[in-house]
Amino acid sequence: MLMTTCNEVAVPDPALLKRFDIPGPRYTSYPTADRFVEAFGEEALGAWLAKRNDAAGPLSLYVHVPFCSTVCYYCACNKVITRDQSQAGPYLDALEREAEMVSAKLGGQRQVEQLHFGGGSPTFLSNDELRRLMAILTARFPLAPRGEFSIEVDPRCTPPDKVVALAELGFNRLSVGVQDFDPDVQRAVNRLQSYEITKETIDAARAHGFKSVNMDLIYGLPKQSRATFARTLDRVLELAPERVALYHYAHLPERFKPQRRIVSEDLPSSPEKMGIMLDAIARLTEAGYQYIGMDHFAKGGDDLARAQQQGRLHRNFQGYSTKPDCDLIGLGVSSISKVGPTYSQNVRELEEYYDRIEHGQMPAARGVLLDMDDLVRRATIMALMCHFEVSKEAIEQAHLIKFDEYFKRELAELKPFEDAGLVENSRDWVTVLPLGKMLVRGIAMVFDAYLRNDERVRRYSKIA
Ligand code: SF4
């Protein structure tokens with residue numbers, strides 16, 4: 001059954017992967033965003049922001065910058081493709097008004113311990129625009145002195161002087177989009193980005209005090225093979241990022257228009273894709289990276305790896321985090337907020353976003369207020385995703401349930417996972433065993449009440 005064992009992760013063989021790699025959500029939230037409803041909109045978010053006005057504890061802030069100057073064909077993000085830099089100004093104006101509305105309800109006392117700029121491409125903004133955006137935020141939300149401030153960068157529009165500007169603004173973590181260094185793959189996905197330009201961005205970050213560099217890679221892209229991806233990994237390891245995210249490309253051209261420009265005959269076969277993934281995991285773990293969970297790897301000494309060892313890892317919309325679970329304010333088109341026991345998402349279209357802001361409305365379009373069952377299941381699913389184990393006693397004490405009774409049906413459904421050596425259900429714990437760690441999503445899905453008899457499950461991504 002085992003092919004490789006490293007860092008307490010055993011890589012399942014292809015037969016096991018095929019059987020238990022069920023398409024499913026990444027659980028950056030529970031319930032997942034596709035369960036949000038229009039009945040929870042601006043008014044409900046406003047009420048919850050006001051309720052949290054005097055809440056103690058830090059804040060997390062996410063800002064979505066939707067612009068990119070060229071389209072990558074694999075992309076499934078919410079973005080606006082434009083080379084027109086003049087689009088940035090009106091967007092920053094709108095962000096300023098949104099930040100004003102939110103902070104007026106929330107009050108301005110809670111410190112931001114975690115700030116993330118995502119996109120699109122936040123580095124589409126010029127240095128002056130980035131400075132203006134930071135000024136907009138700091139005027140309304142005090143930043144904690146030693147916070148975790150991260151930004152997604154596209155090296156094609158992040159020359160060293162922009163890295164210096166980001167460092168001066170207080171950013172200390174960089175997430176670099178790479179995907180693949182192979183020129184044929186890059187041409188096939190319309191993302192031409194040399195190793196040299198990527199190295200220049202990363203070198204500048206290291207020279208200017210960035211604590212951590214993450215690199216995003218994708219397997220399953222057109223023209224990829226085990227041999228080409230091995231060369232990409234050589235270069236990744238030369239650059240030695242502290243963290244690596246290795247995502248699976250899900251080819252869904254009927255849902256994502258840019259993917260229609262990918263020639264499906266160029267996609268690697270399923271066995272080849274699985275080979276690429278298994279090779280990559282073996283290379284990364286041999287090189288000292290720890291498998292954190294769901295697509296993410298971190299060097300042994302990195303904060304994420306330490307947080308996992310110490311049981312204080314959290315999962316949020318950016319993946320994994322070392323910061324305590326806290327209210328998250330999402331600003332900008334399509335951003336998601338998490339306030340108290342609620343989630344809400346802003347409108348997805350730029351025009352509608354501007355329209356709402358112009359009319360003095362917060363642009364929340366959909367959301368959900370979690371009920372008791374959602375909260376129990378979220379705690380269980382997040383414990384599995386972050387720590388590969390759930391303490392039944394901890395869930396019982398926090399939610400006043402009897403775990404084995406409450407989850408009688410789910411524990412019965414875990415049986416095939418147990419029989420295959422992926423999970424152990426003992427008196428006090430549900431534990432994901434080393435062989436089950438790469439398949440944790442399928443195990444978490446057992447506890448997802450929304451997936452029962454749900455056709456939607458077929459739309460999610462698989463490992464290979
Ligand atoms: S992958 Fe990133 S840079 Fe490329 S189009 Fe999508 S959001 Fe823009």
Margin query: Criterion first (at pLDDT below 95 and either under 16 Å from GLN361 (Cβ atoms) or away from the ligand (no atom under 13 Å from the Cβ) (or both)) does LEU125 satisfy it?
Written below: no
Note to self: Show me the helices (runs of 4 or more DSSP H) found entirely inside the stretch 355-449 where at least 1 residues are closer than 30 Å to GLY332 by Cβ and in contact with a strand residue (DSSP E or B) (Cβ under 6 Å, 6 or more places away or on another chain).
What the structure shows: 372-387
Next item on the list: Considering each of LEU350, LEU384, LEU411, LEU369 in turn, give the residue that is under 20 Å from the mean Cα position of the chain (by Cα) and either modelled with pLDDT of 95 or more or hydroxyl-bearing (Ser, Thr, Tyr) (or both).
Entry: LEU384
Checklist line | Qualifying residues in the stretch 214-270 (those that are part of a loop (DSSP other than H, G, I, E, B) and of a type in the set (Phe, Trp, Tyr)) - the one surrounded by the most Cβ atoms within 10 Å (Cβ to Cβ) | finding: TYR249
Checklist line | Identity of the residue in the stretch 50-77, within 16 Å of the ligand (Cβ to nearest atom) and farther than 16 Å from VAL153 by Cα, that ends up surrounded by the most Cβ atoms within 10 Å (Cβ to Cβ) | finding: TYR74
Check: Does VAL11 qualify as being out of contact with any Gly (no Cβ under 8 Å at 6 or more places or on another chain) and in a strand (DSSP E or B)?
Finding: yes
Next item on the list: Output the residue which, of all residues in the stretch 160-184 that are part of a loop (DSSP other than H, G, I, E, B) and within 16 Å of the ligand (Cβ to nearest atom), is surrounded by the fewest Cβ atoms within 10 Å (Cβ to Cβ).
Entry: PHE181
Next item on the list: Six or more apart or on different chains, Cβ under 8 Å: which pairs go from a residue in the stretch 21-32 that's assigned to a loop (DSSP other than H, G, I, E, B) to one that's modelled with pLDDT under 90 and surrounded by fewer than 17 Cβ atoms within 10 Å (Cβ to Cβ)? Could you list them?
Entry: ILE22/VAL457; PRO23/VAL457; PRO23/ARG458; PRO23/ARG459; GLY24/VAL457
Notebook entry, point to check: How many residues, within the stretch 185-211, are of a type in the set (Lys, Arg), within 16 Å of the ligand (Cβ to nearest atom) and either buried (at least 19 other Cβ atoms within 10 Å of the Cβ) or under 23 Å from the mean Cα position of the chain (by Cα) (or both)?
Noted result: 1
Checklist line | The lone exception for GLY41 - which of (1) more than 16 Å from LYS338 (Cβ to Cβ); (2) under 24 Å from the mean Cα position of the chain (by Cα); (3) away from the ligand (no atom under 16 Å from the Cβ) it fails | finding: (1)
Next item on the list: Would you please list the contacts, defined by Cβ atoms under 6 Å and residues six or more apart or on different chains, that run from a residue in the stretch 258-279 that is under 16 Å from GLN186 (Cα atoms) and of a type outside the set (Phe, Trp, Tyr) to a residue that is within 16 Å of the ligand (Cβ to nearest atom) and in a helix (DSSP H, G or I)?
Entry: ASP266/ALA188
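The values are calculated or read from the model by the stated rules, or taken from the named source; none is laboratory data. The shown structure was predicted, so the numbers you read here are calculated from the model rather than taken from an experiment. Ideal geometry is used to build each Cβ from the backbone, glycine not excepted, and the neighbour counts take in all protein chains shown.
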